[in-house]
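Engineer: Here you go, one structure.
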Amino acid sequence: MQAVAAAAALAFLLLLLAGASAGDEAREAEAVRALLARLLGPGPAAAFSVSVQRALAAESGLDTYRLSGGGGAPVRVLGSTGVAAAAGLHRYLRDFCGCHVAWSGSQLHLPQPLPAVPDALTEATPNRYRYYQNVCTHSYSFVWWDWARWEQEIDWMALNGINLALAWSGQEAIWQRHRILDRMRSFGMIPVLPAFAGHVPKAITRVFPQVNVTQMGSWGHFNCSYSCSFLLAPEDPLFPVVGSLFLRELTKEFGTDHIYGADTFNEMQPPSSEPSYLAAATAAVYQAMVAVDPDAIWLLQGWLFQHQPQFWGPPQVEAVLRAVPRGRLLVLDLFAESQPVYVRTASFQGQPFIWCMLHNFGGNHGLFGALEAVNRGPAAARLFPNSTMVGTGMAPEGIGQNEVVYALMAELGWRKGPVADLGAWVTSFAARRYGVSHEGTEAAWRLLLRSVYNCSGEACNGHNRSPLVKRPSLQMVTTVWYNRSDVFEAWRLLLTATPTLATSPSFRYDLVDLTRQAVQELVSLYYEEVRTAYLNKELVPLLRAAGILAYELLPSLDNILASDSHFLLGSWLAQARAAAVSEAEAHFYEQNSRYQLTLWGPEGNILDYANKQLAGLVADYYTPRWRLFLETLVESLVRGIPFQQHQFETHALQLGQTFALSTRRYPSHPQGDTVDLAKKLFLKYYPRWVAGSL
């Protein structure tokens, strides 16, 4: 019975979206041609012929591309949508030309003549949806973005075959939102717009004194000055009025593609656990949608079931999922690579869902991934009994790091099964990334695959919890899921390629990133020496290890980060200021961006959650905090008094507040030579690691 209902629901969903995706084929083809010109330049782009024909997908009903030509003739790229054509173009550049497109820089050295496609290659995706972005993504990565950055990101989405994505951060002006939506729609993407989820401002009680609202609890260690939102009761007569009015005005201004995001109880404890209440609250949101748009589909983050499993038992989950007709609720299983929800909710009670890789919480730097789980996950979800999986997605809280993880996940959106040999896949990834096969780089990437990118079990939480970026204490955990020797050996192997690849921007970026990771490991090891020396009351070893950590390692880390434009605090702050229309607003935006990286609240409410390793941030936030901790330990040992963690934290908070409120300017252009700085660090610390004399 469930299988029949699920099939009917999916059929209904496909019917709706077939109509929703209809558009101007010529416009979508032109959008891909323009993308091609931005990517390759007008001259090389002229060697490609791009067209869009809906009929290409007539047999499968799924996005499809066809490649042909080349070898002296134009390369012909045909797609059923603009997104499909862009994905086909990317496939040709990647697999036939050995090119690479990434956030940190692209390697686009085209062979001449362009390689021929031996036989016309036709590929249909198995996933109706290839989804991108987390609601939080804008907060950690997209905030302050100008149009050029949005344009680059939408191009990246198109090339990776993304056809469903959030298009709303709350930061953009109306004119910019129009621009973003127009660009996404020009490729045939489906932008997700917000709908009314039931949350209202407190002031509504002044305008409507009889309104039935409930004040929710606090969130994220913030008091009610910053949280405790108000929720309109589903039975209140104002609910359908406000909900419908909101969506009517929104769609009048921006149009619609009929998919709307709304999350009533995301990381919020509902006022009642009674299934009847939860069903009523859910139905009210949905009814307000369809009152305006009869074709509305609700995109719901499934994170609420993941985040509070003690509250969301089977009756509560069922109440929400069955309050909306099957096929009209599309659920994001946000953290499916680690803790899939579909397996404990009977495939979301028959509602269609998207298998998502979350990967990174907070946009942290740090080499991390669960590539084996990512590779196997979508195929396993399709084979789940009575599966209602309709797509794959990427839902990171922050981007611009660990690009190998996103390259694999994007590719899986078009694959019918997992990659058979990840070792061979990552070897090819390295060759494409740098534009040349090199024994050292490829061996380095295979080591990273089996170590930092092979996280499994509870250690895979997507947060960088290294002592480097956490407030120090004597109880810090330094264990990792991998062998640190693999990181240091990969570092050595990458450096062997510097004579060949020193001019490659992607190689230099990776050299910074891997050196940064090696220093992160060294900080943990020297911290262990510090802790052991303090607990054993050995002053000289304590002074030695503390001096190296605070006065050698951290300044060296800041220096090498400063050599690459992607690791600059100055750039981060400049983006914040650039979004402002006045100096007062620029100061406010900059202060917010400083808080986000550090305290995230005046009292360190979500301390170091969005930690990053940026030049300037290491020098003026992490280093002073570590020096304070180490100096306090030394003073404690010399004076023979116990170390007072609470007292230290009070002083550390003051340091954080000083940094957050500072107006100091930082360079937004790189300084120093990456290769030279990496070699100096390597020659200084690698022999100590090998000799076990850190």
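Engineer: For segment 308-372, compute the orientation-averaged projected area of the C-alpha convex hull (one quarter of its surface), in nm².
Structural biologist: If I average the Cα hull's projected area over directions, I get 5.4 nm².
Engineer: Hey, another quick one. Quick one: grab the alpha carbon gyration tensor of segment 494-635, order the square roots of its eigenvalues as a ≥ b ≥ c, and give me rounded if a/c is under 1.5, else prolate or oblate depending on whether a/b is larger than b/c.
Structural biologist: Taking the square roots of the gyration eigenvalues as a ≥ b ≥ c, segment 494-635 is oblate.
Engineer: What number, in percent, do you get for the relative contact order of segment 530-640 if the mean sequence gap of Cα pairs under 8 Å and at least 6 apart is divided by its residue count?
Structural biologist: It comes to 32 percent, rounded to a whole number.
Engineer: Can I ask one more? If only Cα atoms are counted, what is the Rg of segment 249-295, and what is its Dmax, in Å?
Structural biologist: Looking at segment 249-295, its Cα Rg and Dmax stand at 13.1, 38 Å.
Engineer: Here's another thing I want to ask about it. For the residue pair LEU683 and LEU474, what label-to-label distance in nm results when each label sits 7 Å from Cα along the Cα-to-beta-carbon direction?
Structural biologist: Output for this residue pair reads 4.0 nm.
Engineer: Roughly what would the spin-label model give for ALA73 and ARG544, points 7 Å off Cα along C-beta, in nm?
Structural biologist: Placing both labels 7 Å beyond Cα along the Cβ direction yields 7.2 nm.
Engineer: At 1.4 Å probe size, with every protein chain present, just tell me what the per residue accessible area of the chain comes to in Å².
Structural biologist: With all protein chains present, the chain gives 39 Å² per residue.
Engineer: In whole percent, and with a 1.4 Å probe on the protein chains, what portion of the accessible area of segment 599-694 is carbon and sulfur?
Structural biologist: 55
Engineer: Also, I was wondering about something else. Carbon and sulfur together cover what percent of the accessible area of segment 411-462 at a 1.4 Å probe radius?
Structural biologist: C and S fraction of accessible area: 49 percent.
Engineer: What distance in nm separates the simple spin-label points at PHE311 and SER273, each placed 7 Å from Cα in the Cβ direction?
Structural biologist: Label-label distance for PHE311 and SER273, simple model: 1.1 nm.
Engineer: Then there's this: Which of THR251, TRP219, GLY188 sits farthest toward the positive end of the charge dipole of segment 149-294, with +1 on the Cβ of Lys and Arg and -1 on the Cβ of Asp and Glu?
Structural biologist: About the Cα centre, the residue reaching furthest to the positive side is THR251.
Engineer: Let me ask another. At 20 °C and a viscosity of 1.002 mPa s, what translational diffusion coefficient does Stokes-Einstein give for segment 450-501, taking Rh as the Kirkwood radius over Cα pairs? Give it in µm²/s as a whole number.
Structural biologist: Rounded to a whole number, D works out at 162 µm²/s.
Engineer: Calculate how many DSSP beta bridges within the chain are antiparallel, expressed in % of all such bridges and rounded to the nearest 5.
Structural biologist: Bridges in the chain are about 35 percent antiparallel.
Engineer: Which percent of the Cα-Cα distances in segment 251-366 go past 24 Å?
Structural biologist: 27
Engineer: May I ask for the percentage of alpha-carbon pairs in the chain that lie more than 31 Å from each other?
Structural biologist: 57
Engineer: Still on this structure: Need one value: the accessible area of LYS416 in square angstrom, 1.4 angstrom probe, rounded to the nearest 10.
Structural biologist: For LYS416, the solvent-accessible surface is approximately 130 Å².
Engineer: For segment 226-303, which whole percent of the accessible surface, found with a 1.4 angstrom probe, sits on carbon and sulfur atoms?
Structural biologist: Percent of accessible area from carbon and sulfur atoms in segment 226-303: 59.
Engineer: Say the cut-off is 29 Å between C-alpha atoms; which of LYS416/LYS612; LYS470/LYS679; LYS202/LYS612; LYS252/LYS612 go over it?
Structural biologist: Distance filter (> 29 Å) returns LYS416/LYS612; LYS202/LYS612; LYS252/LYS612.
Engineer: When the dipole is taken about the Cα centre of segment 465-552, and only Lys, Arg (+1) and Asp, Glu (-1) are charged at their Cβ, what size is it in debye, to the nearest 20?
Structural biologist: 280
Engineer: Counting Lys +1, Arg +1, Asp -1, Glu -1, what net charge surrounds THR81 among other residues with beta carbon under 9 Å of its beta carbon?
Structural biologist: For residues surrounding THR81, the net value is -2.
Engineer: Identify, among ALA652, LEU630, VAL690, the residue whose Cα sits farthest towards the positive end of the charge dipole of segment 627-694, taking +1 on the Cβ of Lys and Arg and -1 on the Cβ of Asp and Glu, with the dipole about the Cα centre.
Structural biologist: Toward the positive end, the furthest listed residue is VAL690.
Engineer: Roughly how large, in nm² to one decimal, is the mean projection of the convex hull of the alpha-carbon atoms in segment 557-608?
Structural biologist: For the Cα atoms of segment 557-608, the hull's average projected area reads 4.2 nm².
Engineer: Distance from the Cα centre of segment 435-460 to that of segment 312-377, in angstrom?
Structural biologist: Measuring centre to centre over Cα atoms gives 26 Å.
Engineer: For HIS199 and ASN536, what is the calculated FRET efficiency with R₀ set at 56 Å and r taken between the beta-carbons, to the nearest 0.05?
Structural biologist: The computed FRET efficiency comes out at 0.55.
Engineer: Return a whole-number percent for the relative contact order of the chain, with Cα pairs under 8 Å and 6 or more residues apart as the contact set.
Structural biologist: In percent, rounded to a whole number, it is 12.
The values are calculated or read from the model by the stated rules, or taken from the named source; none is laboratory data. Everything numeric in this text was worked out from a predicted model, so none of it was measured. Cβ atoms come from the backbone with ideal geometry, glycine included; neighbour counts cover every protein chain shown. Side chains are part of the model used for accessible areas, which takes the heavy atoms of the whole protein and leaves out ligands, DNA and RNA. Shrake-Rupley method; radii C 1.70, N 1.55, O 1.52, S 1.80 Å.
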